[in-house]
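Since the structure comes first, as structure tokens, the remarks are kept for the end.
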Ligand SMILES: [Zn+2]
Ligand SMILES: [Zn+2]
Ligand SMILES: [Zn+2]
């Protein structure tokens, strides 16, 4: 994803209903620059430990998540990973269980799946979100497995 200027980042934050504070700008700029989801630790290291603290970053990510700006991804590592949500281009990740290599894929047929879930259950009125990661072995790890 191309890195937007600071002005654009501030606009994105304001549009989501927040004040464009320095820590929020730093977190958003970092998320714009990554190719694959990052853990809180990676985000803090990437921004610089002297500029933000863990509690602040955690709160910002939770707030961004609540308004749909950020997606939380589970790589089954016992910690959460975060990336910017691109509602227009739904994508998911395939993760190597040997070396943690990550690649993106698209085409999860979310709408069909949501219809299926609603027709097979009786207690739900609508589907509002989805999360899907695939796990496997990359070309390198499959040789040593
Ligand atoms: Zn992604
Ligand atoms: Zn691998
Ligand atoms: Zn999807």
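Here, each number is a calculation from the coordinates, and none is a lab measurement. Nothing here was measured: the structure is a model prediction, and the numbers come from that model. Cβ: placed from backbone, ideal geometry, glycine included. Neighbour counts: every protein chain shown.
Springs join every pair of Cα atoms under 10 Å in this Gaussian network model of the chain, and among 93, 130, 32 the largest mean-square fluctuation is at 130. Across q = 0.11, 0.16 Å⁻¹, region 1-87 modelled as identical point scatterers on its alpha-carbon atoms has Debye log10 I(q)/I(0) values of -0.26, -0.56, in the order of the q list. Estimated purely from DSSP H runs of n ≥ 4, each contributing -39500 (n - 2.57), the mean residue ellipticity at 222 nm for the chain is -11500 deg cm²/dmol once divided by its residues. Along its principal axes, region 89-145 has C-alpha extents of 46, 23, 13 angstrom, given from the largest down. Between 25, 113, 132, the GNM of the chain built on Cα springs shorter than 10 angstrom shows 113 fluctuating the most. What do you get for Rg/Rh over the chain if you use C-alpha atoms and the Kirkwood form of Rh? We get a ratio of 1.01 for the chain. For the pair residue 140 and residue 14, what calculated FRET efficiency results from E = 1/(1 + (r/R0)^6), where r is the Cβ-Cβ distance and R0 = 35 Å, to the nearest 0.05? Computed FRET efficiency for residue 14 and residue 140 comes out at 0.20. When 104, 74 are sorted by how many other C-beta atoms sit within 10 angstrom of their C-beta, beginning with the fewest, the order is 104, 74.
Please sort 10-18, 37-45, 116-124 by packing, taking for each peptide the average over its residues of neighbouring beta carbons within 10 angstrom, highest first.
The peptides rank, most packed first, as 37-45, 10-18, 116-124.
Ordered by the number of other Cβ atoms lying within 10 Å of each residue's own Cβ, fewest first, 34, 60 fall into the sequence 34, 60. Counting 0.36 nm for each residue step from residue 62 to residue 120 and taking away their Cα separation leaves a gain of 17.8 nm. With springs only between Cα atoms under 10 Å, which of 70, 27, 55 fluctuates most in a Gaussian network model of the chain? Its mean-square fluctuation being the largest, the pick is 55.
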